[in-house]
1. Averaged over every viewing direction, what's the projected area of the C-alpha convex hull for region 212-256? Give it in nm², one decimal, please.
2. List, in order, the whole-Hz ³J(HN,Hα) value for each residue of region 40-54 obtained from phi through the Karplus relation with A = 6.51, B = -1.76, C = 1.60 and θ = phi - 60°; use x for Gly and Pro.
3. Answer with one residue from Val317, Leu278, Leu258: the one whose Cα lies farthest towards the positive end of the charge dipole of region 241-379, charges on Cβ with Lys, Arg +1 and Asp, Glu -1.
4. Quick query: amide H of Gly298 versus all other amide H atoms, modeled in the peptide plane; which residues come in under 5 Å with a sequence gap of 5 or more or a different chain?
5. Only loop residues by DSSP count here, and only those with at most 11 other Cβ atoms within 10 Å; note down the GluC sites (Glu not before Pro) in region 274-319 that meet that.
6. Over region 43-98, with a single point scatterer placed on each C-alpha, what log10 of the ratio I(q)/I(0) does the Debye formula yield at q = 0.27 1/Å?
7. Can you give the log10 of the normalised intensity I(q)/I(0) at q = 0.16 Å⁻¹, computed with Debye over equal Cα scatterers of region 162-317?
8. With the cut-off at 14 Å, report for region 301-379 the share of all Cα pairs above it, as a whole percent.
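Readers should treat all values here as calculations from the given coordinates under stated rules, not as data from a laboratory. Please read these numbers as outputs of a predicted model, since none were measured by experiment. With ideal geometry, Cβ positions are generated from the backbone for all residues, glycine too; neighbour counts draw on all protein chains shown.
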Amino acid sequence: MTGGAETPTARLRKTLRRARVSMRKAGVDRFRGDGSDRLALASLLLSVPALACGTVALPEWCAPSALVLPIVAGGLLLRPAGLLALYAASAVALIVESAVLDSGPQAVADRVTPGTILVVAAVGFFGFLIAQFRTRVGVPWRRGQTMLFDLRERLRVQSKLPKLPRGWHREMALRPAGGQSFSGDFVVAARTNGGRTLEVVLTDVSGKGMDAASRSLLLSGAFGGLLGSLPPHAFLPAANGYLLRQDWDEGFATSVHLVLDLDSGDYEMYSAGHLPGLQLSAGTGRWEEKAADGPLLGVYDGAEFDPIKGTLSPGDVLMLFTDGLVETSDRDLTEGMDRLTGEADRYVSAGFQGAAWHLIEAVAKDVNDDRALLLICRA
C-alpha cells in the first residue's frame, strides 16, 4: 500500500464527517429559515390524495373537511410557495371528492357542501398568513417558540439579585400585566468595588406587558453592561443617552439606581423620574419616603441626576417598587403607598423573608399593569 492511499477506516471517517457537517449546516439553515422544506412538502402532498381516497371509500369516517389537517400543518412548516402547491392539490382533491360522491352508487348527495369549501378556504387563508409571517421573521415556528422561552428565561436570570453577606436579606418579585410572561419592569444588579458594594437598578419602561417587553429586554441587556463599568454617578446619564439614541416613539422610562455599602449600610440613591423608595426605621418603627431628583430617561439630553443619601441601620428595611404596585385609575399614589406600608407592617416582627411576592398579592393582585417590588433588609 502506498503512503498516499487512504485506508477504508479513513474514508469512513471522512464520509461521516461530511455527513455530520451537512446535517449541522441543514440545522443552521433551518434555524435561519433557509433550509429546504421539500420533505415536508412531499409528505403533505402525499397525505392529500390519501385523505381524498379515505373520503371516497369511507365518507362516514373521513369527512371532506379533513383536508384542513395538511393545510394547518403546511401553514406551520412550509414556505408560501410550497403552501400554494399544497392548496392547489387540496382544491383538486375537493373537486374529485365532490364529483365521485355526488354520482357514486351510494348516492351520497352534497357531501362537499359550500360550507365545507368555505371552512377549508378559511383555514388555508390563515395558514398562508402564518407562513408569510414566519418567512418575514426568518425563524421556523418551533424554533421561534423556543427563542421566546429562552428570552424569557434570560430576562428572569438577569433579574436575579446577587447573594449578600451575612446580615443582609434581599428579594425581588415581578408580576407582568395580564398574567403574561414578559414585563416592562426589570431589575439589574451587581456587586462592585470588590464585592463590598451592591448596585441595583429598578426600571419601568413605558407601556406594559408584551408592548414593552422588547424594549425592556433590550434595555436590561444594555443597563446590565453599564452597571459596574461606570462610576455610580455616571450610570443614569449614560442610560439616558442610550435611550435617546434609540429614537423610539415611546422611548421614555423611569429608573432608580441604588448604591449600597454592605459594610457600613450607607447608600446613595439616584432617580430618573421614579417613585420614591420607602425606608423602615427600626428605631422609630415608621416608614419614611426617600425621593431623589431627576428627569425621566430618554426625554432630553444633558439631564442631571442628584442623589439622596441615607443609611440602613440594623433592623432597617428599604423598599423600591414601580407605579403599578401603588397607583391605579381608582387609587392615587398616596393612598397606594399607605396601603403598601400598612401591609408591610405585618412582616416587621416575623421578618421579610418571602414578603415581596405576598405584598404584591395583597396590594395589587388584580391590577392590569406591570408590578415589581424590591426589598433589602439589614438584620
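1. Average projection, Cα convex hull of region 212-256: 3.1 nm².
2. Residue by residue, region 40-54 yields 5, 5, 4, 5, 6, 5, 5, 6, 5, x, 5, 5, 5, 5, x Hz.
3. Among Val317, Leu278, Leu258, the one farthest towards the positive end of the dipole of region 241-379 is Val317.
4. Residues meeting the criterion, in which the H sits 1.01 Å from N, are Leu244.
5. Answer by residue number: Glu304.
6. -1.04
7. Results for region 162-317 at q = 0.16 Å⁻¹ read -0.92.
8. 65
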